[in-house]
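First the structure, in the form of structure tokens, and then the observations on it.
FYI, it's all coordinate maths here, none of it is from the lab. Being a predicted model, the structure only gives us computed values, none of them experimental. Note that each Cβ is placed from the backbone with ideal geometry, even for glycine, and that neighbours are counted across all protein chains shown.
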Amino acid sequence: MFVAVMSDLHDNVANWQLIAKFLAEENIQTLINCGDTAAPAMLQEMSRAFAGQIHTVFGNVADRELETTVVAALANVTHYGEHGEVMMADKKIFFTHQPKHAEAAAALGPLFGGASPVAGRAGGAYDLICHGHTHLKRWEKRGRTYFLNPGTAGGMFQYPSFAVVELVNMTCSFQDVRL
């Protein structure tokens with residue numbers, strides 16, 4: 001099973017259209033967005049252009065109230081607030097925008113020690129922890145946990161990219177966004 005992971009789109013509609021085209025061509029049905037989509041209207045565009053499921057969180061530039069309102073009307077978008085958890089292909093995945101929240105999740109377990117919506121793992125360990133914010137690509141393994149920063153989909157300060165993770169074997173490929 002493949003999942004796409006992106007962050008820091010910063011309202012770059014042209015890049016989103018290229019990413020959505022790639023996802024359709026590769027038949028990838030799930031996208032984790034680690035925040036900083038920017039304007040809530042961008043989430044509407046993402047929902048319209050991508051038929052699969054989008055899991056998203058706030059970034060540091062989010063209008064939290066408006067983003068929450070907009071997402072409530074989007075059937076294929078689930079918003080988790082500051083950080084979220086999902087289970088896919090028997091892998092426990094945590095995602096957030098801030099690297100410090102990713103590190104806290106690794107140290108403290110499910111939703112920083114609170115009740116986890118994803119059951120069945122001893123010790124609260126995650127298989128994959130995703131974050132954004134730095135705009136720098138990262139694929140690192142510590143113990144049984146992989147850490148992923150897909151880079152910046154919007155191309156701010158770095159060449160635009162996103163990641164595709166094959167969850168059964170836990171492999172990652174970074175995809176450059178090319179106009």
Exercise. In sequence order, what are the phi-derived ³J(HN,Hα) couplings for the stretch 86-92 according to the Karplus relation 6.51 cos²θ - 1.76 cosθ + 1.60 with θ = phi - 60°, rounded to whole Hz, with x for glycine and proline?
Worked result: 9, 10, 9, 6, 6, 10, 8
For this session: First select every other residue whose beta carbon is under 9 angstrom from the beta carbon of Gly154; then total the charges, Lys and Arg +1, Asp and Glu -1.
Result: -3
For this session: Mind pulling the per residue volume of the convex hull built on the Cα atoms of the chain? Å³ is fine.
Result: 104
Exercise. Once you list every other residue whose beta carbon is under 12 Å from the beta carbon of Leu167, what net charge do they have if Lys and Arg are +1 and Asp and Glu are -1?
Worked result: -1
Exercise. Label-point separation (nm) for Thr134 and Leu66, each offset 7 Å from Cα along Cα-to-Cβ?
Worked result: 3.0
Exercise. Within the stretch 26-41, what residues put their amide N at less than 20 Å from the label point 7 Å along the Cα-to-Cβ vector of Ala73?
Worked result: 37-41
Seminar exercise, completed: Sorted by chain and number, the residues with a modelled amide H under 5 Å from that of Gln98, at a separation of 5 or more or across chains, are Gly132
Exercise. Counting Lys +1, Arg +1, Asp -1, Glu -1, what net charge surrounds Asp36 among other residues with beta carbon under 13 Å of its beta carbon?
Worked result: -4
Problem set entry | Cα lying deepest toward the dipole's positive end in the stretch 2-176, options Tyr146, Thr68, Thr37, charges on Cβ | Tyr146
Problem set entry | Pairs of lysines in the stretch 1-159 (C-alpha under 20 Å apart; 8 or more residues apart or interchain) | 5
Exercise. What length, rounded to one decimal in nm, is gained on full extension from Ala51 through to Asn27, with 0.36 nm per residue of separation minus their alpha-carbon distance?
Worked result: 7.6 nm
Exercise. Hey, fewest Cβ within 10 Å first, where do Tyr159, Tyr126 land in order?
Worked result: Tyr159, Tyr126
